[in-house]
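Asker: So that we are looking at the same thing, I have put the structure below in structure tokens.
Nothing in this text is a laboratory measurement; each read-out follows from the coordinates by a stated rule. Please read these numbers as outputs of a predicted model, since none were measured by experiment. So basically every Cβ, Gly included, is an ideal-geometry build from the backbone, and we count neighbours across all protein chains shown.
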Amino acid sequence: MTLIKSISGIRGTIGGKPGSALTPPDVVKFTAAYSAWLRRKHPGTERMTVVVGRDARISGVIVDNLVCATLASSGIDVVNIGLAATPTVEMAVIWEKAQGGIILTASHNPAQWNALKLLNSDGEFLSAADSETLLQMADKDDFDFAKVDDLGHITHNDTYTDRHIEAVCSHPLVDVEAIYRAGFKVVVDAVCSVGGLAIPKLLNTLGVQTVALHCEPTGLFPHNPEPLPEHLSELSATVVAEQADCGIAVDPDVDRLALVCEDGTMFGEEYTLVAVADYVLSQRQGNTASNLSSSRALRDVTEQYGGQYFASAVGEVNVVAQMKACRAVVGGEGNGGVIMPDLHYGRDALIGAALFLSHLAHKKVSCAALRATYPPYFISKNKVALSADIDLAALLRKAKDAYKAYRITDIDGVRVDFDLEKRWVHLRSSNTEPIIRIYAEAPTPEEADALAEEVRCLINS
């Protein structure tokens, strides 16, 4: 069993012994610690409010009940928005003027996982410093719960998905008229989670003919929920069979967007952000940002428009901090996560889909033809199990020493850039799984795989 505590929240498998997985005592402990952290963060605030939403995974109801009851027992009012995408919860925190939010989702992880993603009053993930403070408070396990007259109230509000869709359709760069005139047909794979409630409704609002695939939010994932090419064969086949213009796949909490071209080929999750940024930069001059494990294609496109590209450590909170620092007009992560700061500072598949379709409508080309206009890079994404006896610091030192002749960035693991060859490799521990990730990018798949294998052999030697 697994329990991971990081800037991506408290994530673990369901069942097992307390302290070794996401068990009921662990859910209560970390929710109580979050409540105590909020008290420290907002001294003097008499009544505080926290927004709670969840994806559709089958453990969600149990975790939801535990979280809401613990918050209320801590004297905090709860606005429970039920089944909702991660970006919807983030926006609801702002609209409710709440002090925080908790999203109950393990994102791309399989069904046996769940998590508490913790938000601040800006609807953004906690910083590394705030996360560390909260974890220290959880370790002390010294909480002061409310007396009966001071218990929090739990209310329910299921209108926020509609409000989110309205905000997306009202965004100045979402060209509703152009999308409507284009007469798009799109197949949607929502992996039987909350994307099935949001994405088809958004597309219908935009006048898009929608073919729903796995859009009932049962939480019974029909395939691995991470929207990677090897998991999207059914979507690919359906796009071709339906003669659709493209396919859309989202993960269980709808912060990642993957696209399939009309011929069934993958647009490439790395190129979701690249395409959206291309459109945004054609309308607005400015900078962009993504994390160190994202394709350099974003840098290339940004520089074509005269902007500057900036890289951050992996993790949405790090990308957001970099975007604010460089005043990026668009940014995100290469896993299909698009962040539009004038909507909100969070990865959002809804705004990503609407901006992509606006781009496609303006270009008046097929999805595959649009993909062919971008720099041809290929990423090899690899995982190595992280055992208890692995000395990660020593592995990183070995990598830095082996590639000391090249440009090294060590703000998050070790990234090596071979600039003249337009290749890079990034070695780091995961925030969401007990693994080491080895990502490599090059102009051909063979070069990328060979570079990743070279690093794998290095760390195994």
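Asker: Take the range 417-457 and flag every residue that is out of contact with any strand residue (DSSP E or B) (no Cβ under 9 Å at 6 or more places or on another chain) and farther than 19 Å from Arg296 by Cβ.
Answerer: Cys457 - this is the single residue of the range 417-457 that is out of contact with any strand residue (DSSP E or B) (no Cβ under 9 Å at 6 or more places or on another chain) and farther than 19 Å from Arg296 by Cβ.
Asker: Can I ask one more? Could you tell me whether the range 372-395 includes any residue that is more than 23 Å from Pro225 (Cβ to Cβ), touching a Ser or Thr at 6+ places or on another chain (Cβ under 6 Å) and not hydrophobic (A, V, I, L, M, F, W, C)?
Answerer: Yes, the conditions are met somewhere in the range 372-395.
Asker: Could you tell me which of the residues Asp410, Asp348 is out of contact with any His (no Cβ under 7 Å at 6 or more places or on another chain) and closer than 20 Å to Arg456 by Cα?
Answerer: Asp410
Asker: Follow-up. Condition first: hydrophobic (A, V, I, L, M, F, W, C), assigned to a loop (DSSP other than H, G, I, E, B) and surrounded by fewer than 22 Cβ atoms within 10 Å (Cβ to Cβ). Now tell me which residues in the range 58-97 satisfy that.
Answerer: Ile58
Asker: Those residues that are touching a Lys or Arg at 6+ places or on another chain (Cβ under 8 Å) and either among the small types (Gly, Ala, Ser) or closer than 20 Å to Pro25 by Cα (or both), I need them from the range 105-115; list them, please.
Answerer: Thr105, Ala106, Ser107, Ala111, Trp113, Asn114, Ala115
Asker: Between residues in the range 268-286 that are under 10 Å from Val338 (Cα atoms) and residues that are of a type in the set (Ser, Thr, Tyr) and outside any loop (DSSP other than H, G, I, E, B), which pairs lie under 8 Å by C-beta distance while being six or more apart or on different chains?
Answerer: Leu273/Ser290; Ala277/Thr288; Ala277/Thr302
Asker: Could you count how many residues in the range 198-208 are within 20 Å of Asp253 (Cβ to Cβ) and among the hydrophobic types (A, V, I, L, M, F, W, C)?
Answerer: Residues that pass the stated criteria total 4.
Asker: It is to be established whether one or more residues within the range 64-71 are under 21 Å from the mean Cα position of the chain (by Cα) and over 21 Å from Ala128 (Cβ atoms).
Answerer: yes
Asker: If Ser107 passes every condition in (1) surrounded by fewer than 22 Cβ atoms within 10 Å (Cβ to Cβ); (2) on the phi > 0 side of the Ramachandran plot but one, which one does it miss?
Answerer: The single condition Ser107 does not satisfy is (1).
Asker: Next question, about the same structure. Return yes or no: is Gly44 more than 20 Å from Asp142 (Cα to Cα) and either touching a Ser or Thr at 6+ places or on another chain (Cβ under 9 Å) or surrounded by fewer than 20 Cβ atoms within 10 Å (Cβ to Cβ) (or both)?
Answerer: When the stated conditions are applied, Gly44 passes them.
Asker: Okay, moving on. Could you list, in sequence order, the residues of the range 1-51 that are among the basic types (Lys, Arg), in contact with a strand residue (DSSP E or B) (Cβ under 7 Å, 6 or more places away or on another chain) and in a loop (DSSP other than H, G, I, E, B)?
Answerer: Residue satisfying the conditions is Arg47 alone.
Asker: Among the residues of the range 426-456, which ones are among the charged types (D, E, K, R) and either farther than 28 Å from Gly12 by Cα or under 19 Å from the mean Cα position of the chain (by Cα) (or both)?
Answerer: Those that are among the charged types (D, E, K, R) and either farther than 28 Å from Gly12 by Cα or under 19 Å from the mean Cα position of the chain (by Cα) (or both): Arg428, Glu433, Arg437, Glu441, Glu446, Glu447, Asp449, Glu453, Glu454.
Asker: Looking only at the range 165-197, count every residue that is over 11 Å from Ala249 (Cα atoms) and assigned to a strand (DSSP E or B) and tell me the total.
Answerer: Residues in the range 165-197 being over 11 Å from Ala249 (Cα atoms) and assigned to a strand (DSSP E or B): 1 in total.
Asker: Provide a single number: the residues in the range 134-152 that are surrounded by 15 or more Cβ atoms within 10 Å (Cβ to Cβ) and not in a loop (DSSP other than H, G, I, E, B).
Answerer: So the count comes out to 4.
Asker: I'd like to verify a number: residues in the range 316-336 that are surrounded by 20 or more Cβ atoms within 10 Å (Cβ to Cβ), assigned to a loop (DSSP other than H, G, I, E, B) and out of contact with any Lys or Arg (no Cβ under 9 Å at 6 or more places or on another chain), how many?
Answerer: 1
Asker: Here's another thing I want to ask about it. Out of all the residues in the range 25-38, which are buried (at least 19 other Cβ atoms within 10 Å of the Cβ) and not aliphatic (A, V, I, L, M)?
Answerer: Asp26, Lys29, Phe30, Thr31, Tyr34, Ser35, Trp37
Asker: Follow-up question, since we're still on this one. What are the residues in the range 376-414 that are in contact with a Lys or Arg (Cβ under 8 Å, 6 or more places away or on another chain) and of a type outside the set (Gly, Ala, Ser), if any?
Answerer: Tyr377, Lys381, Asn382, Lys383, Val384, Ile408, Thr409, Asp410, Asp412, Val414
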